[in-house]
Amino acid sequence: MVDQANFGPGHNGGPSMEPGAGWRSYAWKRARAELLPSLPLPVIQRRLKRANELGLDFKTYARVHHSAGRDIVAILFSNNALRMIRAGQDMPATRAAKLQRLTNCGTGLLAHAPQDPAQMAARIEAANGIMLAPAAPAPQLSESWGETRARLRDLLNAAGYLPGAVVVVGDTALEADWAPTAALAGHVPADEYFGL
């Protein structure tokens, strides 16, 4: 069996072409499916509590937790997701209220140009008491996938977050692409996150 962790640059990380790869995939998926309904009640209760702390519905939390293989420790919001598109625009009260209820998780901001992320984060904190850190410029269309990946991962590592444990809440297809590009835990559409 080939060790997937040793693939070098340029490998797409696709499935093994060795004989039996289909069976191994089937067996893994079946074993995982059989495990989920039999989770002990305390585990389910703990996950329900964690989903609530992160402001996620249980189904979304379970999906992201399952695909990431670890708990979510932080959420990155785009300025689009917060409905702060134009300079000086305030966050809608319903979105601010949801962010104020988050507990035991980090929050960050990615602001598209020409917005200034530091000014936006300061305005959010002054108006709503919500600290969004790190606050950084959002990746631009002109950046390559590699540049986007490096910038997001460097930003999260500098903030002390394992990138694979961070979720992006975004509002556009470009923002949805940030999660797989930087190997983040996942992406949640803003309308789904804020319950619209």
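Candidates in the range 21-57 are the residues that are part of a loop (DSSP other than H, G, I, E, B) and not hydrophobic (A, V, I, L, M, F, W, C); of these, the one that is surrounded by the most Cβ atoms within 10 Å (Cβ to Cβ) is Gly55. Within the range 146-173, residues that are over 18 Å from Ala111 (Cα atoms) and in contact (Cβ under 8 Å) with a residue 60 or more places away in the chain have Cβ atoms under 6 Å from residues that are part of a strand (DSSP E or B) and of a type in the set (A, V, I, L, M, F, W, C) in these pairs: Tyr161/Ala74, counting only partners at least 6 apart in sequence or on another chain.
If you take the residues of the range 141-178 that are of a type in the set (Ser, Thr, Tyr) and surrounded by fewer than 19 Cβ atoms within 10 Å (Cβ to Cβ), which of them is farthest from His65 (Cα to Cα)? Here the answer is Ser142. Contact map, the range 41-53: first residue more than 18 Å from Arg101 (Cα to Cα), second residue of a type in the set (D, E, K, R), Cβ cut-off under 7 Å, separation 6 or more or different chains; the map is empty.
Within the range 174-183, how many residues turn out to be outside any helix (DSSP H, G or I) and either more than 17 Å from Leu109 (Cβ to Cβ) or in contact (Cβ under 8 Å) with a residue 40 or more places away in the chain (or both)? Explain how you work it out, then say what you get.
Step one: list which residues in the range 174-183 are outside any helix (DSSP H, G or I), which gives 182-183.
Narrowing the set further to residues that are either more than 17 Å from Leu109 (Cβ to Cβ) or in contact (Cβ under 8 Å) with a residue 40 or more places away in the chain (or both) leaves 183.
Residues meeting the conditions: 1.
Of all residues in the range 143-173, those satisfying the criterion of being assigned to a strand (DSSP E or B) and within 15 Å of Ile72 (Cα to Cα) are Val166, Val167, Val168, Val169. Taking first residues from the range 74-90 that are under 13 Å from Thr107 (Cα atoms) and touching a residue at least 24 places away in the same chain (Cβ under 8 Å) and partners that are assigned to a loop (DSSP other than H, G, I, E, B) and among the polar types (S, T, N, Q), the Cβ contacts under 8 Å between residues at least 6 apart in sequence or on separate chains come to Ser78/Thr172; Asn79/Gln115.
Every number here is computed from the coordinates shown, using simple stated rules; none is lab data. Predicted model only: the values in this text are computed from it and were never measured. In this analysis, Cβ positions are derived from the backbone assuming ideal geometry, glycine residues included, and neighbour counts consider all displayed protein chains.
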